[in-house]
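What follows is one structure encoded as structure tokens, with my remarks underneath.
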Amino acid sequence: MSKPGLISMSVIKRMPRYYRFLCDLLELGTERISSRELSNRMGFTASQIRQDLNCFGGFGQQGYGYNVRQLQTEIGKILGLNNRKKAIIIGAGNIGRAIATYITYEFKTFDIIGVFDKKESMAGQMILGMPTRHISGLEEFCKENLPTVAVLCVPTSAAPEVAAQLNSLGIKGMLNFTHYDVALNYPDLQVENIHLNDSFMTLCYKLNKN
């Protein structure tokens, strides 16, 4: 078993895909599965799957394979899905609303406790049963409620100022939908960048190549 600090990020980034696939298997009533069967269904080699899981202890038994529910539970623990986290959304536009809805109904590890926007016209508008707050109240809200995660859905021009404020208020992790490189300026923040344009451009490349 590898030490946590030595596990490559490429392995970590494959864990959510394992988790999603195992959830699907549970819904189908599958109780156990071999690394070869996982390989055939997921597109990874059986060797890659065993190597990835062995980083965390293995979980399988030779001749038996993996207990689907146990493996799903263990990967959930590895990813920290059992530790609920308070989250806020900055930017109540279309992306912010969509993400708030998705997190609430599809990804229940994050509890959305507040939605903020700088537009006065947005203040008071209801999202998921809670009123949108003006950004001027962010500091007081964070001090009272102690969120640890922020979802940044503001224009890129506004991102530097908002990111600086969030960092000063104790936010530990950020889902960043802007083109501003938060991690470059705040290396202690755990940041996941979501660049839809990058995905579209990559798809364009693949289509043109073929």
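Residues in the range 87-143 that are over 12 Å from residue 154 (Cβ atoms), basic (Lys, Arg) and either touching a strand residue (DSSP E or B) at 6+ places or on another chain (Cβ under 9 Å) or modelled with pLDDT under 95 (or both): 97, 108, 133.
Considering the range 45-72, the residues that are among the β-branched types (Val, Ile, Thr) and crowded, with 16+ Cβ neighbours inside 10 Å include one that is farthest from residue 19 (Cα to Cα), namely 49. Can we say residue 159 is surrounded by 13 or more Cβ atoms within 10 Å (Cβ to Cβ), in contact with a helix residue (DSSP H, G or I) (Cβ under 6 Å, 6 or more places away or on another chain) and of a type in the set (Gly, Ala, Ser)? Answer is no for this residue. Residue 26 falls short on exactly one of the conditions (1) surrounded by fewer than 16 Cβ atoms within 10 Å (Cβ to Cβ); (2) farther than 17 Å from residue 72 by Cα, and that condition is (2). Scanning the range 186-203 turns up one or more residues that are in the same structural domain as residue 148 (by TED's automatic domain parsing), of a type outside the set (A, V, I, L, M) and touching a helix residue (DSSP H, G or I) at 6+ places or on another chain (Cβ under 7 Å). When residue 74 is tested against (1) of a type outside the set (Phe, Trp, Tyr); (2) closer than 30 Å to residue 153 by Cβ; (3) modelled with pLDDT of 90 or more, exactly one condition is not met: (2).
Got a sec? Which of 21, 59 is touching an Asp or Glu at 6+ places or on another chain (Cβ under 7 Å) and free of Cβ contacts under 8 Å to residues at least 24 places away in the same chain?
Working: 21 fails: touching an Asp or Glu at 6+ places or on another chain (Cβ under 7 Å).
So the residue among 21, 59 that is touching an Asp or Glu at 6+ places or on another chain (Cβ under 7 Å) and free of Cβ contacts under 8 Å to residues at least 24 places away in the same chain is 59.
Under 7 Å between Cβ atoms, which residue pairs at least 6 apart in sequence (or on different chains) link something in the range 66-94 that is among the small types (Gly, Ala, Ser) with a partner that is outside any strand (DSSP E or B) and at pLDDT 90 or above? From residues that are among the small types (Gly, Ala, Ser), the pairs are 76/19; 87/147; 91/153; 91/154; 92/122; 92/125; 92/132; 93/153.
The values are calculated or read from the model by the stated rules, or taken from the named source; none is laboratory data. Predicted model, so just to flag it, every value in this text is computed and none were measured. Here Cβ is always computed from backbone atoms with ideal geometry, including for glycine, and neighbour counts include all displayed protein chains.
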